[in-house]
Amino acid sequence: MYFKLNTREIEVAKLIIEGKKYKEIADILFLSERTLTTHAAAIFNKVNVKK
């Protein structure tokens, strides 16, 4: 199965998979937590993850 994630989404997804918290990921990638949440939501939508 292939998902069309952009470069930033791939970076975020890798860090989520590593088990990092959103705050940690935001700090690593120099993003606000809100922006990170937006990226994560896009990733979950593209890979069809339901909460």
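The C-beta contact set for the stretch 1-29 (first residue closer than 12 Å to A40 by Cα, second residue among the polar types (S, T, N, Q), distance under 8 angstrom, 6+ apart or interchain) comprises Y22/T37; A26/S32; A26/T35.
Among the residues of the stretch 41-51, is any part of a helix (DSSP H, G or I), in contact with a Phe, Trp or Tyr (Cβ under 7 Å, 6 or more places away or on another chain) and surrounded by 11 or more Cβ atoms within 10 Å (Cβ to Cβ)? Yes, there is a match, as at least one residue in the stretch 41-51 is part of a helix (DSSP H, G or I), in contact with a Phe, Trp or Tyr (Cβ under 7 Å, 6 or more places away or on another chain) and surrounded by 11 or more Cβ atoms within 10 Å (Cβ to Cβ).
Can you work out which of the residues in the stretch 1-40 that are charged (D, E, K, R) and in a loop (DSSP other than H, G, I, E, B) is modelled with the lowest pLDDT? Residue satisfying both the conditions and the ranking: K4.
The values are calculated or read from the model by the stated rules, or taken from the named source; none is laboratory data. The structure presented is a predicted model; accordingly, all values stated were derived computationally and were not measured. No Cβ is skipped: glycine too gets one built from the backbone with ideal geometry, and neighbour counts run over all protein chains shown.
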